[in-house]
Amino acid sequence: MSDKDYYKILGIPRNASVDEIKKAFRRQAVKHHPDQGGDEAKFKEINEAHEVLSNPEKRQRYDQFGSAGLGGSSSAGRGGFGSAEGFRFDFGDGGLGDIFGSFFGGGPARQGPKSGRDVEVVMDLDFREAVFGAEKEISLTLDDVCIQCQGQRAQPGTEIKDCATCKGAGQHIRVMKTPFGNVRQQVVCPACHGAGTQIEQPCTACAGRGVSQQQKKINLAIPAGIDDGATIRLRGSGESNYQGSAGDLYVVVQVRPDKHFTREGDLILSEETITMTQAALGDNIKVATIDGEVTMKIPPGTQSGTDFRLEKKGVPKIKGSGRGDHIVRVIVETPTRLSAKQKKILQEFQQVKG
């Protein structure tokens, strides 16, 4: 994400209130809305600025770190106003292929003969598996070409004839009478359902369907950086019809929450608690990251709610190279139980301060 001046985009000062941000967004949105003849790219930029500045935590990170504090997580910049956004991966030949723009848009329309049924499954991943990628095996029971008749639908060794109704064409012409005269319409043959053949003795294994339920195992490489709700498309791994043409398998990723970390785009977010003395005097503390513990410096005078940025300790970028950052929010703990000596020291401090 390139650095953008969101305050300039909305035409507001950096100390603008939440109400001022909202009013500025409404003015700009009305002016540049595509439905009103406005510029779509400008409108998306305005929406992106509003999404960041109207969220206190995102605004704080943006003010402190710029666009790097957002981790490429703004849905407004990618999906447009009020839209849901996700990734769809196409693993056509087992490798990572095109990434479709919208989770809800789907892929291009299939051409040619109708394939077997598409299948959708949900795959659960641990937080770390989603961050670093994983090798998974999927076990499914799907319709596949019948092993006994090889999709012929007839008992092996028996005769298969051309359909008497359509003469093997699989289609026939139907003439319909309308107020405008007779209309000729080409339709699928109702006798053979488009197969063009007539089965005298159906296969005993598949009851003449040409397909049977079979156990199927698929090895899937989950790419590093995949996010919750993303969909992986495996072409030709769905159910087959009797002609051997298979549909697609859609694997919807569901990432289990982690007790230490949350995620926002390619950022990882966490909190660390420090004492009042650590905040006042400064310290070096141990911080848990997805890669293991690191040492982080707390400067003297640190306030509760301050964010610290650990560079390249975040999530691998699915659409590029490198990794995002890890943002650590420091919470200063106020003691609730003090000894007499501690109270005395704090009272003396208060008097000296005064």
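The values are calculated or read from the model by the stated rules, or taken from the named source; none is laboratory data. Values in this document were obtained by computation on a predicted structure and should not be read as measured data. Because the Cβ atoms are built from the backbone with ideal geometry, glycine has one as well, and the counts that use them run over all protein chains shown. These area figures cover heavy atoms from the full protein model, side chains too; ligands, DNA and RNA do not enter into them. Shrake-Rupley method; radii C 1.70, N 1.55, O 1.52, S 1.80 Å.
From largest accessible area down, sort VAL30, VAL119; use a 1.4 Å probe on the protein chains.
Values: VAL30 105, VAL119 15 Å².
Result of the area sort, largest leading: VAL30, VAL119.
Under 21 Å of direct C-alpha separation, and excluding same-chain neighbours fewer than eight residues apart, LYS343 reaches these lysines: LYS353. When restricted to Cα atoms, the chain yields an Rg and a Dmax of 30.8, 106 Å, respectively. Reported value for segment 264-331: 70 Å³ per residue, from the convex hull of its C-alpha atoms. Considering all C-alpha pairs of segment 134-286, those separated by over 18 Å amount to 74%.
Sites count as exposed loop sites when they are chymotrypsin sites (Phe, Trp or Tyr not before Pro), lie in a DSSP loop, and have at most 14 other Cβ atoms within 10 angstrom; the longest stretch of the chain without one is 181-354. Seen against the Cα atoms of the chain and their longest principal axis, helix 56-65 is set at about 70 degrees.
Please report the antiparallel percentage of the DSSP beta bridges confined to the chain, to the nearest 5.
70
Find, among the GluC sites (Glu not before Pro) in segment 262-354, those assigned to loop by DSSP (not H, G, I, E, B) with at most 15 other beta-carbon atoms within 10 angstrom. Here the sparse-neighbourhood loop sites are GLU311. Taking the Cα centre of the chain as origin and assigning +1 to Lys and Arg Cβ atoms and -1 to Asp and Glu Cβ atoms, the resulting dipole is close to 700 debye. Taking the protein heavy atoms of the chain in the context of the full set of protein chains, the accessible area attributed to carbon and sulfur is 48 percent at 1.4 Å. Averaged over residues, the count of other Cβ atoms within 10 Å places the peptides 49-57, 135-143 in the sequence 49-57, 135-143, highest first. The accessible-area ordering, largest first, of the residues THR302, THR273 stands as THR273, THR302, per a 1.4 angstrom probe.
Per-residue extension of 0.36 nm, minus the Cα-Cα distance of ILE285 and ILE173, leaves a gain of 32.3 nm for this segment. Total lysine pairs in segment 181-313 at Cα distances under 26 Å, for residues eight or more apart or on different chains: 9.
Averaged per residue, what accessible area in Å² does segment 110-214 show with a 1.4 Å probe, protein chains only? It amounts to 65 Å² per residue over segment 110-214. The alpha carbon gyration tensor of segment 205-251 gives principal lengths a ≥ b ≥ c with a/c of 1.5 or higher and a/b greater than b/c, which makes the shape prolate.
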